[in-house]
Amino acid sequence: MSVPVLTIDGPSGAGKGTVSRLVAKKLGWHYLDSGSIYRSLAVALAKQSVDLTDKAEIVKIAQTMGLEFDCGDELVVKLNGEDITGQLGLESTGNTASVIAAYPEVRQVLLKKQQDFKRPPGLVADGRDMGTVIFPDAENKVFLTASAEKRAERRYKQLIEKGIDANLSRLTIEIEERDRRDMERTNAPLSMARGALFIDSSEMAVDAVVAEVLDLIR
């Protein structure tokens, strides 16, 4: 039996995670947050103070790390049994994840981990290359984006609400820099999959985006 897959790709901070989890919940499908896989590896590397130029060691840790996803109302990620959810959203974690995601050797190791999430009744996969590389044959594909300024505003509000000091202009620059790095990398660059539905969420409420994605599925 063919297992349906919906891919939702786009840049960091576009709302992919929130939209993907809500859609998966409404459809009763499994959920894959590919960014959390890379961010989990980034946390694992930080815990062991691994040099980000030591590709062999990074690959070794990627192969041996144990990951668990608990997708309730909020995503809970466990690394070798330890809840690391709170560390995934740190800017340092995101920047490290973006760097290691450019290594073909690392992507190859983590590709199989991601494809294993495809099982009945269906899968909503959220990331940067779900529709182009991981699940190129997915029946339904979405490219969700928003302006760098709007994404920086959202990130700024999240950090301030958590009591974390943040600088809006610096966040905007970091997001633009990450976008450039993700789009220019030679291996699996950020791009819109052929046939994907393009959604700019800059001025859209989450519910409106979810409704548009569900309309695509139906």
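Between Thr18 and Asn95, what is the label-point separation in nm under the 7 Å Cα-to-beta-carbon projection?
Spacing of the two 7 Å Cα→Cβ label points: 2.5 nm.
Under a plain spin-label model, where a point goes 7 Å from the Cα along Cα-to-Cβ, how far apart in nm are Lys26 and Asp83?
Taking the two extended label points, one gets 2.9 nm.
Modelled label-to-label distance, Thr186 and Asp137, 7 Å Cα→beta-carbon offset: nm?
If labels sit at Thr186 and Asp137, their model points lie 2.9 nm apart.
For the chain, what number of Lys pairs, 8 or more residues apart or on separate chains, have alpha-carbon atoms under 16 Å from each other?
11
Once the piece of chain linking Thr64 and Asn167 is laid out straight, how much longer is it, given 0.36 nm per residue of separation minus the C-alpha distance between them? Walk me through the intermediate numbers first.
Details: separation 103, 0.36 × 103 = 37.08 nm, distance 3.64 nm.
Contour length minus the Cα-Cα distance gives 33.4 nm.
Give me, ordered by chain and number, the residues 5 or more places off Ala146 or on other chains with an amide H under 5 Å from its own placed amide H.
Amide H to amide H, under 5 Å and 5 or more residues apart or across chains, Ala146 pairs with Ser201.
State, as an integer percentage, the relative contact order of the chain based on alpha-carbon contacts under 8 Å between residues 6 or more apart. If you can, show how the numbers build up before the last one.
On the way: 341 pairs, mean separation 74.1, N = 218.
So the answer I get is 34 percent.
Semi-axes of region 1-58's equivalent ellipsoid from the Cα gyration tensor, sqrt of 5 times each eigenvalue, largest first, rounded to whole Å? If you can, show how the numbers build up before the last one.
Values: eigenvalues 180, 37, 20 Å².
For region 1-58, the ellipsoid semi-axes come out as 30, 14, 10 Å.
Give me the compactness ratio for the chain, meaning the Cα radius of gyration over 2.2 N^0.38 Å.
On the way: Rg = 16.5 Å, N = 218, 2.2 N^0.38 = 17.0 Å.
For the chain, the normalised Cα radius of gyration comes out at 0.97.
What does the C-alpha gyration tensor say about the overall shape of region 80-156? Classify as rounded when a/c is under 1.5, otherwise prolate if a/b is larger than b/c, or oblate.
Numbers: a/c = 1.61, a/b = 1.23, b/c = 1.31.
It comes out oblate by the Cα gyration axes.
Identify the residues of region 173-210 with backbone N under 14 Å of a label point that sits 7 angstrom from the Cα of Leu111 along the Cα-to-Cβ direction, or state none.
Within reach of a label on Leu111: 187-189.
Can you order the peptides 110-120, 12-22, 94-104 by their average number of other Cβ atoms within 10 Å per residue, highest first?
By packing density, highest mean first, the sequence is 12-22, 94-104, 110-120.
How much FRET efficiency would the formula 1/(1 + (r/R0)^6) give for Ala46 and Glu176, where r is the Cβ-Cβ distance and R0 is 22 Å, rounded to 0.05?
Numbers: r = 24 Å, r/R0 = 1.09.
Efficiency, rounded to the nearest 0.05: 0.35.
For Asp54 and Ala211, what does the FRET efficiency come to when R0 = 35 Å and r is the distance between their Cβ atoms, rounded to the nearest 0.05? Before the final figure, lay out the partial values.
On the way: r = 46 Å, r/R0 = 1.31.
Efficiency at R0 = 35 Å is approximately 0.15.
Where a number appears in this text, it was derived from the coordinates with a stated rule and is not lab data. Please read these numbers as outputs of a predicted model, since none were measured by experiment. All Cβ positions, glycine included, derive from the backbone under ideal geometry; neighbour counts span all protein chains shown.
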